[in-house]
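Visitor: Following this message is one structure expressed as structure tokens.
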Amino acid sequence: MADIGPVIRIHPADDVVIARQQLLGGTPIASEGITVSGLVPPGHKVAVRAITTGQPVRRYNQIIGTATRDIAPGQHVHSHNLAFSRFDRGHTVGGDVRPVAYADTPATFDGIVRTDGRVATRNYIGVLTSVNCSATVARAIADHFRRDIHPHALAAFPNVDGVVALTHGAGCATDSEGEGLRVLRRTLAGYARHANFAAVIVVGLGCETNQIQGLLAQEGLREGARLVTFSIQDTGGTARSVARGIDAVQALLPEANAVVRQPVPASHLIVGLQCGGSDGYSGISANPALGAAVDLVVRHGGTAVLSETPEIYGGEHLLLQRAVSQAVADKLEARLEWWTDYCARHHAEMDNNPSAGNKAGGLTTILEKSLGAIAKGGTTPLVDVYEYAQPITAHGFVYMDTPGYDPVSATGQVAGGANLICFTTGRGSAYGCAPSPSLKLATNSALWAKQEEDMDINCGTVIDGSESVEQLGQRIFLDMLAAASGRKTKSEQHGYGQNEFVPWALGAVM
């Protein structure tokens, strides 16, 4: 292990360094020529020079806020003396576009090739609902095939990963022509056509606003061998509907099981990027290491999807500088303007962040959180921007507009086609996804030691000095390929995924 000091300096121009472990008052920081004043928790910031009231404070060589009081060298810098501030973030669209050095020999993973040529990383049968009223029936259908309750139900179908019910709380009492229903239908359709589903059943109630036929018409879907639909009212009640659904799944299982994994290029990877329960280490270890892995995904022809628009706020200039065209930049700025209006309508502010857990972990302002979050996106050009749950068609690094709430954000990414999620966390977020596997990346070794049963990769090795960001990025990339090839992630082993399907609820509930 490398000889490491008690703090981490990210950039020579920064006004702060990050505590590698808890620092007690009186601790000398020889590398910075300062002495710690008071207790500084791990992952938190320490001033390295005198900062006067009203002066901008830099981390990552970017402004993360303004000092609300004079800060002496060695003092803890956090919410008691640092606050969000607005300032001009000048940028040149495309000013940081770098050519991609594509791999001469693309990597491969063992995928499932569908008859239409699309590639899956998992092989599920899905039970979707048009409305909350049919959720109980959908869950009962899926529960009949749970391997932990009825192991015999899928015993003859080892190539089927499971039958999952993805239910939600919407679908009625909403504007039949409104944005909320359009987005819900787009989300459901994205799952219905997802490559990781061998087949899908859609269960409705019958009288809901989100009529199944309206869903199919809006999204150009057709009932057939892979898409079965029915309603509780037309079927004659709950028990009959559950029985009908079970019969439908049983009829779909033989063909769903008739798959064989085979080597396919990594260009078929669509990786959704998430961070939740972030801490002061997120922007130093897990996020930049995931960014290094994302650069490898792009170099090998694949796609990576950054999201969570409220959590790029204040750092969007870094993405605009990577936009391949003014049109792409305009798309991103349009989504940010939409969010400003959305917050105003709901009497909220875009800077109403970080969360209590983020602050406990050392993040003080949304600017600081956003700069660390954007690191997940690596360094390659931003080639396109998508609205929530829109189909992702571009290869390379792209952006999808979503809320910052992880289950809602990842639901949009998967609806867009993401067949793998990579989720960084410093506080220990418990999350999983279906039908796409989710890799969990711990930002620090203390979290890994405490919650290893939920974490797939320890990124604390960067903080500990035993691994570089580039080395860890290579390891994450290999773990992506392994997960895409069928290796179960920790969240899959625990059965996460069905309850984490949370479509974005937009519009008034009537």
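Derivation of every value follows stated rules applied to the coordinates shown; laboratory data play no part. Computed from a prediction, not measured in an experiment: that's the story for all the values here. We place every Cβ from the backbone using ideal geometry, glycine too, and count neighbours over all the protein chains shown.
Visitor: Enter the angle in degrees (range 0 to 90, nearest 10) between the Cα long axis of helix 469-484 and the first principal axis of the Cα atoms of the chain, meaning the one along which they spread out most.
Guide: Once rounded, one gets 10 degrees.
Visitor: So, one more: Pulled fully out, how much extra length does the chain show between Gln55 and Glu179, if you take 0.36 nm times their separation in residues and subtract their Cα-Cα distance?
Guide: 40.4 nm
Visitor: Over all distinct alpha-carbon pairs, what is the Kirkwood Rh of the range 322-386 in angstrom? Walk me through the intermediate numbers first.
Guide: On the way: mean 1/r = 0.0730 Å⁻¹.
So the Kirkwood estimate lands at 13.7 Å.
Visitor: Further, regarding this structure: Give me Rg over Rh for the range 120-257, both radii from the alpha carbons and Rh done the Kirkwood way, two decimal places. Show your work: numbers first, answer last.
Guide: Working: Rg = 14.4 Å, Rh = 15.0 Å.
My calculation of the ratio gives 0.96.
Visitor: Also, I was wondering about something else. Using the Karplus curve 6.51 cos²θ - 1.76 cosθ + 1.60 with θ = phi - 60°, what ³J(HN,Hα) values do you get for each residue of the range 85-95, in whole Hz, with x for Gly and Pro?
Guide: 8, 8, 7, 6, 9, x, 7, 10, 4, x, x
Visitor: If you take the C-alpha gyration tensor of the range 7-83, multiply each eigenvalue by 5 and take the square root, what semi-axes do you get, largest first, in whole Å?
Guide: For the range 7-83, the ellipsoid semi-axes come out as 18, 13, 11 Å.
Visitor: Modelling each spin label as a point 7 Å along the Cα-to-Cβ direction, I'd like the Ala344/Ala356 distance in nm, to one decimal.
Guide: Simple spin-label model gives 3.2 nm for this pair.
Visitor: Same structure, new question: Dividing the convex hull volume of the alpha carbon atoms of the chain by its residue count, what do you get in Å³ per residue? Please list the in-between numbers first.
Guide: Values: hull volume 75.0 nm³, N = 510.
Output value, Cα hull per residue: 147 Å³.
Visitor: Here is a further query. In the chain, if the dipole is taken from +1 on Lys/Arg beta carbons and -1 on Asp/Glu beta carbons about the Cα centre, which of Gly404, Ala348, Trp338 is farthest to the positive end?
Guide: Selected residue: Gly404.
Visitor: Report the Rg/Rh value for the range 212-330, based on alpha-carbon coordinates and the Kirkwood definition of Rh.
Guide: Details: Rg = 22.1 Å, Rh = 19.5 Å.
My calculation puts Rg/Rh at 1.13.
Visitor: Something else about it: Amide H neighbours of Thr229 under 5 Å, at least 5 residues apart or on other chains, H built in the peptide plane: list them.
Guide: Distant-sequence amide H within range of Thr229: Val202.
Visitor: I need the calculated FRET efficiency for the pair Arg146 and Gln474, taking r as the beta carbon distance and R₀ as 22 Å, to the nearest 0.05. Could you put the intermediate results ahead of the total?
Guide: Values: r = 37 Å, r/R0 = 1.68.
After rounding to 0.05, the efficiency reads 0.05.
Visitor: Pull up the cross-link candidates among the aspartates and glutamates for Lys359, meaning alpha carbon to alpha carbon under 12 Å and not fewer than 8 places away within one chain.
Guide: Correct list for Lys359: Asp279, Glu368.
Visitor: Using only Cα atoms and rounding to the nearest 10 degrees, what angle (0 to 90) does helix 179-192 make with the longest principal axis of the chain?
Guide: Compared with the principal axis, the helix lies near 70 degrees.
Visitor: Among the lysines, select those whose C-alpha is under 29 Å from the C-alpha of Lys331, and discard any that sit fewer than 8 residues away in the same chain.
Guide: Within the straight-line cut-off, Lys331 pairs with Lys369, Lys376.
Visitor: Once each part is reduced to its C-alpha centroid, what is the distance from the range 1-68 to the range 487-501 in angstrom?
Guide: Going from one Cα centre to the other spans 38 Å.
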